[in-house]
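For reference, the structure is listed below as structure tokens.
Just so it is clear, none of the values below were taken in a lab; they were calculated from the coordinates. Quick caveat: nothing in here was measured; it's all calculated off a predicted structure. Neighbour counts are summed over all protein chains in view; Cβ atoms, including those assigned to glycine, are modelled from backbone coordinates with ideal geometry.
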Amino acid sequence: GAVVSQHPSRVICKSGTSVKIECRSLDFQATTMFWYRQFPKQSLMLMATSNEGSKATYEQGVEKDKFLINHASLTLSTLTVTSAHPEDSSFYICSARGGGTGEKLFFGSGTQLSVL
Amino acid sequence: GENVEQHPSTLSVQEGDSAVIKCTYSDSASNYFPWYKQELGKGPQLIIDIRSNVGEKKDQRIAVTLNKTAKHFSLHITETQPEDSAVYFCAKSFGNEKLTFGTGTRLTIIP
């Protein structure tokens with residue numbers, strides 16, 4: 001099956017620092033990747049959609065200068081949380097679809113970000 | 001896309017019994033309906049999906065039914081086991097557009 005790898009699984013950082021999260025498709029070419037944020041006991045909230053080689057499309061209310069998304073290759077997308085603050089603490093999850101997966105969307109294992 | 005309503009929000013089932021979760025939607029364009037299982041601290045896992053040209057799909061103990069006229073689709077888990085305990089999300093999309101997720105159902109299997 002399609003495998004999406006996400007790293008790190010957990011990160012703790014100080015307020016004001018930047019954190020980078022990586023999302024890789026291991027066995028397929030991910031033409032489209034999605035980044036989600038999830039608060040405890042809630043559903044997934046889409047932050048942005050990125051297509052390989054193009055600028056990401058951000059959902060309303062998501063600051064593009066704070067959440068930098070790069071999708072430079074067909075197997076890698078990164079989310080950088082810049083100048084992190086405690087309110088950015090959350091569970092971030094990437095997902096990907098692409099060649100061979102059709103409409104099926106496969107998720108990474110998530111990154112728990114804690115900003116002190 | 002428009003919202004997806006998911007019920008119930010919590011469900012407790014005796015081990016060995018069946019569990020049913022239902023989702024309803026309102027738009028006419030959606031044609032792809034996946035179900036995801038999410039365990040604590042992990043990402044969602046695709047467990048089954050159905051397209052609008054099919055009314056039912058089954059994979060071992062899991063089945064999904066779709067009533068496109070009534071705009072609702074359901075997840076059925078038979079012979080439930082403790083490892084089925086998790087949060088389940090339904091979702092919908094039109095083709096390769098972004099998924100719209102339901103609000104989730106926390107399923108607890110009672111041994």
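One table, with the values for the structure above:
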| read-out | value |
| --- | --- |
| Once exposed loop trypsin sites (Lys or Arg not before Pro) are cut out (DSSP; at most 10 other Cβ, 10 Å), longest piece of chain A | A:42-116 |
| GNM top mover of A:Cys94, A:Cys13, A:Cys23 - chain A, alpha-carbon springs below 10 Å | A:Cys13 |
| Loop-located trypsin sites (Lys or Arg not before Pro) in segment B:31-111, at most 10 other Cβ atoms within 10 Å (DSSP) | none |
| Gained length - B:Leu40 relative to B:Glu15, 0.36 nm times residue gap less alpha-carbon distance | 7.0 nm |
| Relative contact order [Cα under 8 Å, 6+ residues apart], segment B:3-107, whole percent | 37 |
| Top of A:Gln60, A:Gln42, A:Gln29 by mean-square fluctuation, Gaussian network on chain A, Cα under 10 Å | A:Gln42 |
| Inter-chain shielding of B:36-46 (mean C-beta neighbours from other protein chains, 10 Å cut-off) | 6 |
| Spacing of the two label points (7 Å from each Cα toward its C-beta) at B:Lys57 and A:Leu26, in nm | 2.3 |
| Chain A - charge dipole about Cα centre, Lys and Arg +1 at Cβ, Asp and Glu -1, debye rounded to 20 | 160 |
| Set of lysines near B:Lys42 by C-alpha distance (under 20 Å), chain-local residues within fewer than 8 positions excluded | A:Lys20, A:Lys41, A:Lys104 |
| Model label zone, B:Glu5; criterion: amide N under 20 Å from point 7 Å along Cα-to-beta-carbon; scope segment B:53-94 | B:65-76, B:88-93 |
| Whole-number percent relative contact order across chain A, with pairs defined as alpha carbons under 8 Å at least 6 apart | 37 |
| Modelled FRET efficiency - R0 30 Å, A:Ser73 with A:Gln112, Cβ distances, 0.05 increments | 0.75 |
